[in-house]
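Right, one structure below, let's go through it.
The values are calculated or read from the model by the stated rules, or taken from the named source; none is laboratory data. Predicted, not measured: the structure shown is a model, and the values here were computed from it. Here the Cβ positions follow ideal geometry from the backbone for every residue, glycine too, while neighbour counts run over all protein chains shown. Just the protein is used for accessible areas: all its heavy atoms, side chains included, with ligands, DNA and RNA removed. Shrake-Rupley method; radii C 1.70, N 1.55, O 1.52, S 1.80 Å.
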Amino acid sequence: MPLSLLEKSVNKKVSLLLKDNRVLEGTLIGYDDYLNMVIENTEETNGDQVKRLGTVILRGNNVVSITPQS
Amino acid sequence: MPLSLLEKSVNKKVSLLLKDNRVLEGTLIGYDDYLNMVIENTEETNGDQVKRLGTVILRGNNVVSITPQS
Amino acid sequence: MPLSLLEKSVNKKVSLLLKDNRVLEGTLIGYDDYLNMVIENTEETNGDQVKRLGTVILRGNNVVSITPQS
Amino acid sequence: MPLSLLEKSVNKKVSLLLKDNRVLEGTLIGYDDYLNMVIENTEETNGDQVKRLGTVILRGNNVVSITPQS
Amino acid sequence: MPLSLLEKSVNKKVSLLLKDNRVLEGTLIGYDDYLNMVIENTEETNGDQVKRLGTVILRGNNVVSITPQS
Amino acid sequence: MPLSLLEKSVNKKVSLLLKDNRVLEGTLIGYDDYLNMVIENTEETNGDQVKRLGTVILRGNNVVSITPQS
Amino acid sequence: MPLSLLEKSVNKKVSLLLKDNRVLEGTLIGYDDYLNMVIENTEETNGDQVKRLGTVILRGNNVVSITPQS
């Protein structure tokens, strides 16, 4: 069920909280069973600073939570 | 047996304690065997501050404990 | 053998030490092979403070030790 | 071979060093393949302080080393 | 799907963020299912300092994210 | 191949570095596939202090490296 | 593919970065699928200090990266 929500979020914007407290936002392009994800147009927000990261392959075990943007 | 209590808590409010000490409250929509969960109307409480997070997919290995609200 | 002692502790009071040093006490309602547990009437003791948590689903990998109360 | 020494230590006193630096001493009653253990008459030594913990189910992945007492 | 993007990145430049906050850049030569990777012409950036590391075999569980360079 | 060197080290002196930075020296009596080990006449060196620990069952996942003594 | 580069590095000098930030250099004698390795003529470099460790069996999960020396 968590993976089916992830499935519905493909090609949509998501916000990700990582274990190191970084927040990434971007478009979810794909994922696998380990919650490895591909994110496009990724932006990292750190307080006021925004860093554009482009396409990112994210290792699932660094992810705390995923928030689909509406 | 822990999973069967989780089953009964679907569509009900739960409070979650995460490893990074954050407390999340919201409605449990679904879960899987790894305790990955989907929470709706999620609110993060941090001392006095409340942050509305909406729908959240939570990775199970960041969860310490789940308290069904009654 | 550790699980068989846990089996005998069902419906009895247990004290739990978690990795984050919190101590929980309550009635063990159920458990699974990963030492995920359901605890009822849970109280968290933190020095002098006691916090009533009610029913808690606890993820096994946060548990250091379980002490059946006699 | 490590498990066979553990087998010989059943019903004997052991000293355990945990990852959080606590030292526990007590009688080994049982164990399983994950090095989960049941210890009776457990005493926790913390510098000069001794705390009697009675019977304890210990999760194996918190254990650093086990010293059979002779 | 994350692995298929990695497949397309073979022989191209990638930027890697490691758990210890180091940033490595180089040419991805190969990888396996655990995200172990071989990187050539690797450069480690640490603030202003650049250290040339040459060919590096990287253990996947130290990787936070991989950014294909375009 | 790492395990075959361990096999040759049985009944010989080894020095062990643990994740908590402790150094143990003693005679390797046995081991298993997880690098759990039994060490006899174990001595823990901590700067200038030496502590005799006798026989120790060591959990493999606390071990960083093993140096056979020659 | 990462393991095949490791295969080519057998009997050659490698430099290893460990999770605890130690740097080891020596001749790679063997390895297994978990990246456990046997290193001979191992030297640990810590700033200016060099410590000769001789033969070392290294547990793979402490390794961040391996650099074959050319």
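Quick notes
- The set of residues in region B:30-41 being more than 13 Å from the chain's Cα centre (by Cα) and of a type in the set (S, T, N, Q) is empty.
- Residue that is closer than 20 Å to A:LEU16 by Cβ and touching a helix residue (DSSP H, G or I) at 6+ places or on another chain (Cβ under 6 Å), where the choices are E:VAL64, E:VAL38, E:VAL23: E:VAL64
- Candidates are the residues of region E:1-29 that are open to solvent by 40 Å² or more (accessible area, probe 1.4 Å) and within 9 Å of the chain's Cα centre (by Cα); the one that is farthest from A:ASN61 (Cα to Cα) is E:LYS13.
- Residue match in region E:42-51 (condition: within 9 Å of chain G (Cβ to nearest Cβ), surrounded by 13 or more Cβ atoms within 10 Å (Cβ to Cβ) and over 9 Å from the mean Cα position of the chain (by Cα)): no
- For region F:1-18, the candidate set comprises residues that are of a type in the set (A, V, I, L, M, F, W, C) and within 8 Å of chain G (Cβ to nearest Cβ); within that set, the residue that is nearest to G:LEU28 (Cα to Cα) is F:MET1.
- Identity of the residue in region G:30-41, open to solvent by less than 40 Å² (accessible area, probe 1.4 Å) and either away from chain F (no Cβ under 12 Å) or touching a residue at least 24 places away in the same chain (Cβ under 8 Å) (or both), that ends up nearest to F:THR67 (Cα to Cα): G:ILE39
- Tally, over region G:19-29, of residues that are free of Cβ contacts under 8 Å to residues at least 24 places away in the same chain and at the interface with chain E (Cβ under 10 Å from one of its Cβ atoms): 1
- Residues in region C:52-66 that are closer than 14 Å to D:ASN36 by Cβ and either open to solvent by 30 Å² or more (accessible area, probe 1.4 Å) or without any contact (Cβ under 8 Å) to a residue 60 or more places away in the chain (or both): C:GLY60, C:ASN61, C:VAL63, C:VAL64, C:SER65.
- Complete set of residues in region G:52-70 that are within 14 Å of chain E (Cβ to nearest Cβ) and under 16 Å from F:SER65 (Cα atoms): G:LEU58, G:ARG59, G:GLY60, G:ASN61, G:ASN62, G:VAL63, G:VAL64, G:SER65, G:ILE66
- Residue in region C:1-19 that is touching a Pro at 6+ places or on another chain (Cβ under 6 Å) and over 15 Å from D:GLY54 (Cβ atoms) present: no
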